Amino acid sequence: MRRHVPVAGAVGAVVVVLAVVGPLTVLALLGPQDSQQKASRASGRGPAGSVPHPVVQEEARQLLARAAAAPAVTPYHGVQFVSAWTSGGATSEVVDVDHVPGKGTSVRSDGTVVAPARHMTLLAVGVPSIADGGVVGLLVAHYSLRVVGQDTVAGRAVDVIAARRPGARASAHDTARFWLDRASGLVLRREVYDEGGRTTRASAFVSVSVGQGDVSPDAPQRPWSATMDTAALARLCVHGWHCPSTLPGPLTLVDARRGGSGDEDIVHLSYSDGIATVSVFEQRGRLDEKGMDGDQRATEGGHPVFVHGQVPRRVVWSSGGVVYTVVADAPERTVDDVVAALPHRGAEDGTFGRLGRGLDRVASWFNPFG
Amino acid sequence: MTHLGARVSALVDGELSHEDRDRALSHVAHCTECRAALDAERSVKEALATLTPATPSPALLASLQALARPGGPVPPRAKSMPQGPVVPLLPSPGRAPRGARGDSRRPAGQGALRRSRTRARYAAVGALSVAGLVLGTAFAAGGSGQGVPPVAPPAAELTVEHSATTAGFTVGDPGLGLASTFGDLSGPAPVRR
């Protein structure tokens, strides 16, 4: 009997230790595996090394390289329609487009019953700051490419190029098709499809005049000028910003730059596979929900977020003292997976929220999977 | 370039040369494993920097002093014998209680009871110390959510920035991305059909 009390005390002590160390061990062991499984599912990859290589037809590669270079040397004017189909419905718009190399691209739409007349001129980015190989390099890295035939668009002869996920079955559908003008190389029509072969994006010239364009002299919208190369981005990562080199899709980090100033410094990371595009903006602070009146509260991947629009789709949330804004023109499933792959640390205030974040960090120190 | 390995600490401490640091940072940009190691190293150093010096609790000090007080001898630890007759390690059914063996200063069983209680207290204090250390470290590592400024992302500007940047990353007309941007710039979304 006299040994019962101390034994009970020792057992209690062991229980206390297990109660503290046990959850940490579980977090350390299960957390990374769960993340890895999530990323693997999202990217559609199997075990490491099982990703098949794209098969690229040389003629298709040359035609696409010519198409990518054409806007830098060829002015044009035309009328085109832009349509998108999503789970939230379909949108379609007819716009006038003028393009002059070095001056930018001007887009105008006439007013309708539900939308006012709009006009914008934009000077797109030239060379990505991170990715090598440019647009065609991205496509070649992510898709099998081949010439599938000839056609006509707006009365002009075109070559048709198909892009398909590498390793897809013979019965699988293409991911996208490009109609390339034989005379100028310009893309006159582009369609993007989902896994079931249904069209999700379509844009095409109804009429086009190659060799002439008229861009308004107003100052065009430009991307932020402060670009970052690989070394600069690495220094950014060291200082606590989240900058993954890939995102589910899979999408590759293409470009990095900074905007804003002082306390409103914003980091912009661009990801693409040559067809889909995703921008991740990171801003120090916590989300001011009063400023999100135009957005809808939603849950994506089990995480509370604010969502706006379909094309492009914008998702906003904050985590660990950083506000994340994802702007994406990509399949909905890809957007969901991208949002799930980025940090979500829950509540940011209060002792329990702080302890939760701290336990996450402590668990990550013992993460055997790096 | 191979993984950083032990150079992660040198990188965090700023001990690498300019050239070595740039090489290491370039490697980190593409290596998930080394980036995670670098992040963990930074987190540990930040946590350690914020910790106050540990002071033993009065209970722990009392337990340690109790261990130093005179008491019964520590029972000999059983060792295997390299030679000679094999000695049974388990007590025989008729063996006398441990307190009765050569302890002339205390009644039989009293020393063993005190030692057991001391060990139990020591284990309890140790467990509480570990729990306190873990929770304290977690609290420090969690950072403060208070004082973080509220921000509302400039939605329209970010959408234009997205279009202006990514229009150059896809094979297609630069205007294709712009038309869809209209929905954020002014007025309602494009016509639904």
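Of the residues A:PHE306, A:PHE81, B:PHE169, B:PHE139, the one with the fewest other Cβ atoms within 10 Å heads the list, and the complete ranking is A:PHE81, B:PHE139, A:PHE306, B:PHE169. Among A:TYR193, A:TYR271, a tally of other beta-carbon atoms within 10 Å of each Cβ gives an order, fewest to most, of A:TYR193, A:TYR271. Neighbour counting of Cβ atoms within 10 Å sorts the residues A:GLU195, A:GLU93, fewest neighbours leading, into A:GLU195, A:GLU93.
For the range A:161-198 versus the range A:201-263, the spacing of their alpha-carbon centroids is 23 Å.
The numbers here are math on the coordinates, done by the rules we state, and not lab data. It should be emphasised that the depicted structure is a prediction, and the values quoted were computed from it without experimental measurement. Note: ideal-geometry Cβ built from the backbone for every residue, glycine included; neighbour counts use all protein chains shown.
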